[in-house]
Amino acid sequence: MTRNSAGGSGDRADGNVAVVSDLDPDCTASDVEPDTPYLAEINGIVDYGVFVDLSNSVSGLVHESVLEGTFRVGQQLVVELEEVRENGDMAFVPVDVDLEADEVRIEAVAHDYPLTGTDRLAANVGEQIHLEGTIVQIKQTGGPTIFHVADEHGVVPCAAFEEAGVRAYPALEVGDIIRVTGTPEHRDESVQIEVDGLSLLEGEDEAEARERLEAALAERAQPHDVEPLIEWPAFEKLRPDLREVATLLRRTVLEGRPIRVRHHADGDGMCAAVPVQLALERFIAEVHEDANAPQHLIKRLPAKAPFYEMEDATRDLNFALEDRERHGQQLPLLLMLDNGSTAEDVPAYETLAHYDIPIVAIDHHHPDPEAVADSLDAHVNPYLHDEDYRITTGMLCVELARMIAPDLTDDLRHVPAVAGVSDRSKADAMDQYLELASENGYDENRLCDVSEALDYAAFWLRYNSGDRLIQDVLELDDAEDERHRRLVQFLADRSRADVDEQLEAAMHHVDHERLDSGVHLYRIDVEHHAHRFTYPAPGKTTGEIHDRKIQETGDPVITVGYGPDFAVLRSDGVRLDIPEMVSELEAELPGAGVSGGGHLVVGSIKFVKGKREAVIDALVEKMAAADIDEALSAATPLEN
Ligand code: MN
């Protein structure tokens with residue numbers, strides 16, 4: 001029994017006011033309490049008394065022995081429960097309240113529905129149940145309207161039918177708290193509730209339900225407490241930040257909000273994004289009764305540039321708006337991985353800021369924390385804790401994935417090593433990661449093969465996430481599968497053959513000069529002396545030339561691969577600061593349209609075609625002035 005106002009004692013008076021309860025029509029015998037005056041209506045008169053109705057289903061006898069005076073059908077009477085007989089019949093006695101003469105306050109009583117949580121639907125298939133929850137999505141199909149409702153335990157689709165293709169309960173909105181009365185039924189591999197009735201909770205009922213649901217959600221959003229795969233003091237500094245993101249992502253799933261992942265389209269980026277995607281898919285499947293939910297609620301897409309391009313942002317936004325329109329989805333949370341930390345990301349972020357789209361970035365590129373602070377709801381980056389790119393995004397995200405879905409751990413043990421090899425991390429933790437991988441059958445050659453195969457597959461997949469193929473290349477479901485091993489070997493071999501072919505021509509066109517500092521500078525026009533629009537792309541071509549020159553010389557080396565309006569930089573053993581060089585060039589060469597960035601010693605620069613000469617000359621001058629740093633030697637991350 002739920003009263004709509006405080007009080008509830010059966011005593012008649014506050015002062016001289018008699019309080020009388022009035023059961024709602026849907027109240028049942030379970031809502032009737034002893035010692036409480038109820039408003040009743042006489043529906044029949046017999047020799048031995050009168051029959052009264054308290055609601056549609058609650059009625060009983062008032063015996064003539066307790067009655068005085070005359071009565072008529074339809075007359076209102078105030079009664080209290082006398083007894084419930086063994087057969088369930090109820091007997092009432094009149095209460096001395098004169099509805100005409102006394103001052104009376106009537107309190108409506110709502111039916112107290114026994115709630116069945118979404119965790120007990122399968123056990124109640126075919127039985128009518130009630131549940132309370134928040135509407136997280138309203139999808140209009142050609143048939144019924146599907147309300148996705150989240151309670152303390154999960155999210156269930158509730159099908160309400162008005163007329164084919166016509167919106168049922170048009171007043172209800174996403175975010176409303178409702179009571180569902182309906183029958184759970186199996187539908188494909190899912191459980192769905194066929195709705196008998198939906199009602200919006202209001203007033204105290206709503207506040208109470210909202211508080212209860214929020215408390216349950218906050219508790220369920222808590223990530224799992226997992227020990228990191230390896231002991232690593234540098235990582236410990238980032239662990240609380242990752243925990244915060246894990247909480248935010250789990251909460252996003254519990255709220256039924258979709259998640260869009262954008263990641264750098266390289267080995268480390270994929271080692272970051274794929275485990276997080278798998279972890280979120282598992283958690284979504286755990287939370288949602290709808291078996292198709294993982295597929296609808298998370299999308300992973302590669303980003304070709306090392307920043308969030310306007311092209312990607314406008315597409316993501318339009319896609320999100322279409323999903324809201326067509327499927328009644330909430331707008332997504334955007335998760336940027338191995339990307340998203342710099343001023344270059346801000347225009348794209350600001351485009352999304354016109355809508356309710358939270359943004360989280362986990363990255364290890366040199367950040368502009370102030371520039372992105374206003375745009376990001378959370379920012380995890382080793383540079384924010386006096387660490388650097390050697391903690392790769394893949395290493396961070398494997399731990400993040402385990403906080404969300406710890407049972408993935410066994411599938412992921414080799415992934416941080418692949419990420420580290422891909423980005424050439426010389427972190428002190430690499431030895432432990434390599435050890436961990438080798439316990440799972442991955443020696444360094446095999447790790448290099450996986451990394452190479454990822455690069456190769458990512459290139460040909462272009463704007464496609466290649467979900468299944470990338471999972472096979474990363475050997476995530478069954479690392480012992482011979483087919484995966486052969487696939488990885490094949491792709492890695494193809495990649496190396498294509499690189500060899502590219503370099504066979506290109507090496508003839510590499511210009512060399514020795515800078516005053518003793519550094520070897522190599523330059524190649526990748527536009528004219530390498531194949532275009534094929535693998536390897538200019539960045540990788542430059543990187544491969546650079547690697548060969550380091551091997552050859554054993555000295556500090558800088559390599560510049562340039563095209564009509566871009567240059568790719570690689571360096572080893574030189575103390576470069578590419579983001580700094582870019583801002584200097586911007587100031588020194590007005591009209592050259594210089595922009596770019598990346599890591600400190602590895603990056604890319606864009607400029608206008610007509611100013612190429614001036615930009616490259618200025619660039620070489622700055623490189624010549626850079627100090628040699630033996631400590632940096634061979635500690636260079638790889639960048640495409
Ligand atoms: Mn990376």
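Every read-out reported here was derived from the displayed coordinates using simple, explicitly stated rules and does not represent laboratory data. Everything numeric here is computed off the predicted structure, so don't read it as measured data. Cβ atoms come from the backbone with ideal geometry, glycine included; neighbour counts cover every protein chain shown.
Residue by residue through the range 334-346, which ³J(HN,Hα) values in whole Hz follow from phi under the Karplus form 6.51 cos²θ - 1.76 cosθ + 1.60 (θ = phi - 60°), with glycine and proline marked x?
9, 10, 9, 10, 6, 4, x, 9, 10, 4, 5, 7, 5
Long-range amide H contacts for Gly154: which residues qualify at under 5 Å (H placed 1.01 Å from N, peptide plane, sequence gap of 5 or more or a different chain)?
When sequence neighbours closer than 5 places are left aside, the close amide H contacts are Thr118.
Compute the long axis of helix 612-625 from its Cα atoms, compare it with the longest principal axis of the Cα atoms of the chain, and write down the angle in degrees, 0 to 90, nearest 10.
Roughly 80 degrees, rounded to the nearest 10.
For the range 150-198, which GluC sites (Glu not before Pro) are in a loop by DSSP, counting at most 16 other Cβ atoms within 10 Å?
Answer by residue number: Glu162, Glu173, Glu189.
What's the exposure ranking of Met403, Met507, Met310, going from fewest to most Cβ atoms within 10 Å?
Ordered from fewest to most neighbouring Cβ atoms within 10 Å, Met403, Met507, Met310 come out as Met310, Met507, Met403.
Please work out the Cα center distance from the range 332-372 to the range 181-195, rounded to the nearest Å.
Answer, in whole Å: 40.
Angle between the Cα long axis of helix 203-221 and the longest principal axis of the chain, 0 to 90 degrees, nearest 10?
40
Rounded to whole Hz and in sequence order, give me ³J(HN,Hα) for the range 545-557 from the Karplus expression 6.51 cos²θ - 1.76 cosθ + 1.60, θ = phi - 60°, writing x for Gly and Pro.
Couplings: 4, 4, 4, 5, 5, 5, 3, 4, 9, x, 10, x, 9 Hz.
Amide H to amide H under 5 Å from Gly596: which residues, 5+ apart in sequence or cross-chain, H placed 1.01 Å off N in plane?
When sequence neighbours closer than 5 places are left aside, the close amide H contacts are Lys606.
In what order do His379, His130 fall by count of nearby beta-carbon atoms within 10 Å, going from fewest to most?
His130, His379
Stokes-Einstein D for the range 236-316 at 37 °C, 0.692 mPa s, Kirkwood Rh over Cα pairs, in µm²/s?
For these conditions, the coefficient is 239 µm²/s.
Using the alpha carbons of the range 441-500, what is the convex hull volume per residue in cubic angstrom, as a whole number?
68
Under the rule of -39500 (n - 2.57) per DSSP H run of 4 or more residues, summed and divided by the residues of the chain, what mean residue ellipticity at 222 nm is obtained, to the nearest 500 deg cm²/dmol?
For the chain, the value works out to -11000 deg cm²/dmol.
In debye, nearest 20, what is the charge dipole magnitude of the range 21-175 about its Cα centre with +1 on Lys and Arg Cβ and -1 on Asp and Glu Cβ, if you could check?
Once rounded to the nearest 20, the dipole reads 1060 debye.
Over the residues of the range 74-142, compute the C-alpha Rg and express it relative to 2.2 N^0.38 Å.
Ratio of Rg to 2.2 N^0.38 Å for the range 74-142: 1.89.
Can you give the Rg/Rh ratio of the chain, where Rg is from the C-alpha atoms and Rh is the Kirkwood radius?
1.18
Would you mind telling me the antiparallel percentage of the DSSP bridges in the chain, rounded to 5?
Rounded to the nearest five, the antiparallel share is 65 percent.
What FRET efficiency comes out for Asn56 versus His327 if R0 is 35 angstrom and r is the Cβ-Cβ distance? Round to the nearest 0.05.
Here the calculated transfer efficiency is 0.35.
With angles folded into 0 to 90 degrees, how steeply does helix 444-461 sit against the dominant principal axis of the chain? Use alpha carbons for both and round to 10.
Approximately 70 degrees, to the nearest 10.
Antiparallel DSSP bridges in the range 118-219: what percent, to the nearest 5?
If I count the DSSP bridges inside the range 118-219, around 95 percent turn out antiparallel.
What is the set of long-range amide H partners of Arg424 at a cut-off below 5 Å, with H atoms built 1.01 Å from backbone N?
Sorted by chain and number, the residues that satisfy this are Leu638.
How high is the relative contact order of the chain, in percent, with contacts defined as C-alpha pairs under 8 Å that are six or more residues apart?
8
For the range 331-449, count the residues as N, evaluate 2.2 N^0.38 Å, and divide the Cα radius of gyration by that value, please.
Taking the Cα Rg and dividing by 2.2 N^0.38 Å, one obtains 1.18.
On the Cα set of the range 2-109, report Rg and Dmax in Å, please.
Values for the range 2-109 (Cα only, Rg and Dmax): 13.2, 40 Å.
Mean separation of Cα pairs under 8 Å and 6+ residues apart, divided by the residue count of the range 510-632: what relative contact order is that in percent?
Over the range 510-632, the number comes to 24 percent.
DSSP loop (so not H, G, I, E, B), at most 14 other Cβ within 10 Å: list which chymotrypsin sites (Phe, Trp or Tyr not before Pro) in the range 445-501 pass both filters.
Loop-located and lightly packed - Tyr463.
Between the range 491-561 and the range 231-260, what's the alpha-carbon centroid distance in Å?
Comparing the Cα centres of the range 491-561 and the range 231-260, I get a distance of 39 Å.
Explain nothing, just the number: dipole magnitude of the range 418-488 about its Cα centre with +1 on each Lys and Arg Cβ and -1 on each Asp and Glu Cβ, in debye rounded to the nearest 20.
My answer is approximately 400 debye.
Based on the alpha carbon coordinates of the range 523-603, what radius of gyration and maximum Cα-Cα distance (Dmax) apply, in Å?
When restricted to the Cα atoms of the range 523-603, Rg and Dmax are 13.3, 38 Å.
Please list 3J(HN,Hα) in residue order for the range 22-28, calculated via the Karplus relation 6.51 cos²θ - 1.76 cosθ + 1.60 where θ = phi - 60°; whole Hz, with x for glycine and proline.
With the stated coefficients, the range 22-28 comes to 10, 5, 4, x, 8, 5, 10 Hz.
What percent of all Cα-Cα pairs in the range 59-215 falls into each 5 Å bin, going from 0 up to the bin containing the maximum distance?
For the range 59-215, the binned pair fractions read 2, 8, 14, 15, 12, 9, 8, 9, 10, 8, 4, 1, 0 percent.
Going by C-beta contacts inside 10 Å, put Asp627, Asp386 in order with the fewest on the left.
Asp386, Asp627
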